[in-house]
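To start, the structure itself, in structure tokens.
The values are calculated or read from the model by the stated rules, or taken from the named source; none is laboratory data. Everything numeric here is computed off the predicted structure, so don't read it as measured data. With ideal geometry, Cβ positions are generated from the backbone for all residues, glycine too; neighbour counts draw on all protein chains shown. The accessibility values were calculated without ligands, DNA or RNA, using every heavy atom of the protein model including side chains. Shrake-Rupley method; radii C 1.70, N 1.55, O 1.52, S 1.80 Å.
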Amino acid sequence: MISLTAEQISAAQNNDLNAITAVVTATEERVRHLARKYATGSGRTDASLAEDLAQTGRIAVWECTARFSGTTVAEFFAYVDRTLKGAMSDARKVETRQGVSRSVAGAFEAALSQADGDPYEAERLATDAAVLGDRRLSPETAYAARLSWQGVEHLDAPMGQGETGESFTLADTLAAQYGVPADLLQPSDYERARRKQTSIQVRQTLARMSDDQATVLMALTGIAPVRYYGAERDSDLAADYGMRRDQVRVIRSKAKVRFAELWHAR
């Protein structure tokens, strides 16, 4: 923020046009800085949201100038800063909480902070009572909260560069895979791609485990080539794969711990 005098602030409160212009000019840099900050998520800035937030900020400056009751320029700038942060935070929440309640969105955002901004990790953490306690979400609600927070726009974020130097997005990649224009892809296409990538990562993790541990874990959910056994058919699993029945539960317990270690070490 550039210099401003107490006299100009007072004049702006009395609707002096030149003084109002001075206040707007003095706060514009801070408005734009905070707008970019609140419009940034998952490593990218939503330019359209940043502009909307900047406009919200300018209105907030106008309104809070009339309410300011302090006496010094420093107090005024501190008051403007608090007002801008509150206004932009609220405006961003309105834009990014489409389709979910305030409490659900708040729980997801708490998980997001624990996940260092990774929305997929936040989706997992949001279902963990050890992380959110009584605020934990069901898997279905956490999934909805993640989609609401993330939106479809994140799919336009650059993923890399092609051989000629042009950038390409997830949408471009999937369009090439499916043979259709990117603007005809549906959200389900992107979700299918994420699930496929997760499946690959799961198999890569299982491949680093012992044969018995990998087999027992794959049997829990029926990951091919092992068919589904769940946790209630240990006798069948033991007979089919040459294990003792009393070993299966022990192997499963150790396998879960080992899988978690390998998964988080990726």
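What net charge do the residues around residue 251 carry, taking every other residue with its C-beta under 13 Å from that of residue 251, with Lys and Arg at +1 and Asp and Glu at -1?
Around residue 251, the surrounding residues sum to +3.
Cβ under 13 Å from residue 230's Cβ, residue 230 left aside: what net charge do those residues give with Lys, Arg +1 and Asp, Glu -1?
Here the count lands on +1.
Computing the accessible area with a 1.4 Å probe over protein heavy atoms, can you report the carbon and sulfur percentage for region 1-41?
Accessible surface attributable to carbon and sulfur in region 1-41 totals 50 percent.
If packing is taken as the mean number of other Cβ atoms within 10 Å per residue, what is the order of 104-111, 203-210, highest first?
Output ranking for 104-111, 203-210: 104-111, 203-210.
How much net charge surrounds residue 131 when only the other residues with a Cβ under 14 Å from the Cβ of residue 131 are counted, with Lys and Arg +1 and Asp and Glu -1? Could you put the intermediate results ahead of the total?
Working: positive: 124, 135, 136; negative: 109, 116, 118, 121, 123, 128, 134.
Local net charge: -4.
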